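Participant: Dumping the structure here so I can ask a few things about it.
Any read-out appearing in this document is the output of simple, stated calculations on the displayed coordinates, not a laboratory observation. These numbers were taken from a predicted model, which means no experiment stands behind them. Methodologically, a virtual Cβ is constructed for each residue, glycine included, from the backbone with ideal geometry; neighbour enumeration extends over all protein chains shown.
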Amino acid sequence: MKRASYFFVLFAFILALVPVALFCQDADITGRWEGTTYVPDQGEDSLTLIIEKTEGVYKVTVSDTFGMIEGVEADDVSFDEGTLSFNFSIFDGYEDMMVWITLEVSGDTMSGYWETADGSRDTIEMERK
């Protein structure tokens, strides 16, 4: 009878750990994501992110409908605890400018913001396609 009790306790312990282990894993964010943001003096801009993962490392390629960023590969890509962050450089017609993006992932949507060194900033809403 004691052996059955130990087995039951061990089984209950394992069942309790499985959801915790699954919850701690980051979601799969690979694929094509499309969304919009607002760019000062330009208006609403559509963004596309192509996210790939190779050997545990994410790669993000960014494009927009204004043509300011066409297939630009992002730098410093990080995905941790449901937050995707990266940066890239664009030429704004006068000089190169660094853009930092931070997005919270929730299922097939992402929302967050972009910002630049000059203080420009706006929200981004994205959806997996």
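Participant: Modelling each spin label as a point 7 Å along the Cα-to-Cβ direction, I'd like the residue 123/residue 36 distance in nm, to one decimal.
Facilitator: About 1.2 nm, to one decimal.
Participant: What do you get for GluC sites (Glu not before Pro) in segment 72-129 restricted to DSSP loop and a cutoff of at most 15 other Cβ within 10 Å of the site's Cβ?
Facilitator: 81, 95
Participant: How far, in nm, would the chain grow between residue 46 and residue 111 when pulled straight, counting 0.36 nm per residue and subtracting the alpha carbon separation?
Facilitator: So the extension gain works out to 22.0 nm.
Participant: Another question, then. Given the peptides 60-66, 117-123, arrange them by the average over their residues of other C-beta atoms within 10 Å, most packed first.
Facilitator: 60-66, 117-123
Participant: For a test of the definition: using alpha carbon positions, the gyration tensor, and the 1.5 limit on a/c, classify segment 31-128 as rounded, prolate or oblate. Present the calculation step by step, with values, prior to reporting the outcome.
Facilitator: On the way: a/c = 1.63, a/b = 1.42, b/c = 1.15.
Here segment 31-128 falls in the prolate category.
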